[in-house]
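Take a look at the structure below.
The values are calculated or read from the model by the stated rules, or taken from the named source; none is laboratory data. Note that the coordinates shown come from a computational prediction; the quantities given were computed from them, not determined experimentally. Positions of Cβ are generated from backbone atoms using ideal geometry, with glycine treated the same way; all protein chains shown enter the neighbour counts. Please note that ligands, DNA and RNA were not included when accessible areas were found on the heavy atoms of the full protein model with its side chains. Shrake-Rupley method; radii C 1.70, N 1.55, O 1.52, S 1.80 Å.
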Amino acid sequence: MVKTEVNRTWWFVFGTICVLTLIIRFYKVTEPDHICWDETHFGKMGSWYINRTFFFDVHPPLGKMLIGLSGYLTGYDGNFAFDKPGDKYENVNFIGMRIFCTAMGATVIPTTYLIVDELTQSVIASALSSLFILFDVGLLTLTQYILLDPILLCFMMTSILGGVKVSSNRIKPFSKTWWFWLAFSGTMLSCCISVKFVGLFVVLLVGLMTIGDLWTVLGDLTKPITVTLKHLAARVFFLILWPICLYMIFFYIHLTVLHKSGNGDGFYSSAFQSQLIGNSLHNATMPRQVAYGAIITLKNHRTGGGYLHSHYHLYPDGIGARQQQITTYTHKDDNNKWIIKKYNSETSEGVQILRSGDLIRLEHIATKRNLHSHKEPAPITKKHLQVTGYGENGTGDANDVWKVIVIGANDKAEVTAVNTKLKFVHYIQSCILTTSGKQLPKWGYEQQEVSCNPNLRDPHAVWNVEENIFDKLENVSFEVYAPSFFERFIESHAVMFQGNAGLKPKEGEITSRPWQWPINYRGQFFSGSNYRIYLLGNPVIWWSNLLFLAIFLIVFSINAIKEQRGYIQPNNNDHNYMKVKGCTWLFIGWLLHYVPFWAMGRVLYFHHYFPALIFNSMLTGIILDYILENVFVLFPKKISTTIYHTSLVLIISSLIYSFLLFSPLAYGMSGPHANELNSTMYGLRWLDSWEF
């Protein structure tokens, strides 16, 4: 009878939270009817999947594929430009993608309930944790738009749910239910890391939980060692091998679907590009050998490297010699084309093949200036020499002469297109043509710096001939250079890692540092103009989270000392022990999703903290329940129940009231800004750094 009553209470609370989630998360989901924040990126990428157009992005493909699929299934044709935030969705069926992402984000709340219930077997802890996440306006904002974040958070939470179910003492090991949750956890882990690479933090957390489980099983002397080995084998298959297979399948689908040339081609190797329909290299024929008089493009062999490029613009005053700019550019362009000439002659008779050790000049086709270097510092990398375009109609000086070296071959080895790796050593200055990968300022159109490095071992000074136009040699099909799936898979990752490491803030963009995130120091605009959406956490929840994080550390320390002194014994059936143990795992989850950002060199934004916030909110719900149960037993029994329930009502009322106060940040504000006296939000600007 008691068990039936508990089950009814469990389902009533869970059902209520699910209903509240549907109401709060889907309210105003279609507003505003214009592009908000990064919808411009991920909506556009969804369109490219629908149109099968290849593109470059720093994240793995699953989230964007799901956005594209949701748009396709709900009638979006993929023809909207998604140019910039603020553009109206006129006659565009965008709602399906918004609802899909919102639904994915909404799963976080009931999943939280299930995770905390499994960790603590407490309805109150589960409900409080869920409500702390449900009533945070920041999470509401982040999960209502066409973004990767709601998809990532969904897979993150379901991965953890699978992990805690497998570890649960409620489920018998090797039962059908146990196998289901183990396979489910591995699948969700693969999905999580296939959306964003920060999913690795979840993989690490579940891995640590798994190691803890295996250590416990190993210590059970009532079972033979073969049981531990069986546990280990099951986890290796479902939590390592199966996720890796799934991850590669997602990439196979990605590379198969995106078979048309797009604006991201230039980030990839010449051989990779040859597989994209519409690319100049697809089904192309060109001479295999490179000869004097050929018109070529040179692609830097570094991951994500661009093409050797020039244009009519000069370096500005104070940046070395005021000569023509030389850069690398990741897009195909006529300004990437050069003609190969002998160092001492304008013409060459017949067909003369370029060979390793030859001295050459490279003349820019469009501007008729030669590739040149001299004893002036490079614009950004001052230890390197400046590379410029110099001369008139191909006539320059001795500083235009370069020695061609084929890597891994002897002198006089023939230079071939695409697969020959080349170095260009300046004949006079004894430096090597390279690209630092550093972005030039606006005067260089934010293209990448090209310089001449006195260190001839520079690993980024490797080039290959991509296009090779010369009508005196027989053409061969580009299919001979076609890479395998595994080669494309590996190259895709090298380009993504390079792109992630090189992410820099755009001009006027609001970025943030990790110390600002937990204190809710500054938000960011999702939508401006007359209908404003502002990403900011509910301060009551965020600041409470910090307080209860500190309280947990005190509780953990006290319990650890008591356990060490023998005052208490570890007992997996004791609710207090379960709560502290559950909080310990959540604290580790918070650390894993927050601390690594301190070491990252890439640009960071406020929204990077939200996975860590979820762990903190779950921890807060459990610690609150722990305190309520352990403090109020000190009061006389007649009034302890009253105080307990009154405290619960006050906590939940505070969450609801603070949510109602700050909900306009998520649902939309109009009228004067909060710093103006006649604004309805005036009294809510508690910190000067809040800009709503």
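How big, in percent, is the set of alpha carbon pairs in the range 1-84 lying more than 23 Å apart? Everything past 23 Å amounts to 45 percent.
Once all protein chains are placed together, M248 keeps about 50 Å² accessible to a 1.4 angstrom probe.
Once the convex hull of all Cα atoms in the range 284-330 is built, its volume per residue stands at 140 Å³. A Förster radius of 51 Å, combined with the Cβ-Cβ distance separating T285 from R322, puts the computed FRET efficiency at roughly 0.75.
Accessible surface ranking for M209, M600, 1.4 angstrom probe, highest first: M600, M209.
In plain terms, the chain from L687 to K421 could stretch by 90.1 nm, reckoned as 0.36 nm per residue minus the Cα-Cα distance. Altogether, the Stokes-Einstein calculation at 10 °C and 1.306 mPa s, with the Kirkwood radius of the chain over Cα pairs as Rh, returns a diffusion coefficient of 55 µm²/s. Within the accessible surface of the chain, defined with a 1.4 Å probe on protein heavy atoms only, the carbon and sulfur portion equals 61 percent.
The tail of the calculated P(r) for the range 125-168 beyond 18 Å holds 41 percent of all Cα-Cα pairs.
Less than 10 Å Cβ to Cβ from S527, Lys/Arg counted +1 and Asp/Glu -1: what total charge do the surrounding residues give? Result for the neighbourhood of S527: -1.
Gyration tensor analysis over the Cα atoms of the range 1-146 returns equivalent ellipsoid semi-axes of 36, 15, 13 Å (largest first, whole Å). What the chain shows is 44 Å² of accessible area per residue, with the surface traced by a 1.4 Å probe over protein heavy atoms.
If you take all other residues with their beta carbon under 12 Å from the beta carbon of P672, and give Lys and Arg +1 and Asp and Glu -1, the sum is +1.
The trypsin sites (Lys or Arg not before Pro) of the range 250-322 that DSSP puts in a loop, and whose beta carbon has at most 12 other beta carbons within 10 Å, are R322.
Count Lys and Arg as plus one, Asp and Glu as minus one, and take only other residues whose Cβ is under 12 Å from that of P287; the net charge is then -2. Ranking of H231, H59 by solvent-accessible surface, largest first: H59, H231 (1.4 Å probe, protein heavy atoms only, all chains present). Which percent, to the nearest 5, of DSSP beta bridges fully inside the chain are antiparallel? The antiparallel fraction comes to roughly 95 percent. By the Cβ rule of 4.7 Å, the chain holds the following cysteines without a possible disulfide partner: C18, C36, C101, C154, C191, C192, C245, C583. Shown for the chain are the DSSP H helices of 20 Å or more along their axis, judged by Cα atoms, with a mean Kyte-Doolittle hydropathy of at least 0.5: 2-26, 149-167, 176-193, 199-218, 242-257, 539-565, 610-631, 637-662.
Contact order, relative form, for the range 457-597: 12 percent (alpha carbon pairs under 8 Å, 6 or more residues apart, mean separation divided by residue count). Counting only Cα atoms, the range 143-233 measures 52, 22, 17 Å along its principal axes, largest extent leading. Please state the relative contact order of the range 227-372 as a whole percent: Cα pairs under 8 Å, 6+ residues apart? In percent, rounded to a whole number, it is 19.
Residue pairs exceeding 23 angstrom between C-alpha atoms, taken from K403/K442; K337/K383; K342/K368; K88/K442; K172/K230; K342/K472: K403/K442; K337/K383; K88/K442.
Taking every protein chain into account, the 1.4 Å probe leaves V476 with about 50 Å² of accessible area, to the nearest ten.
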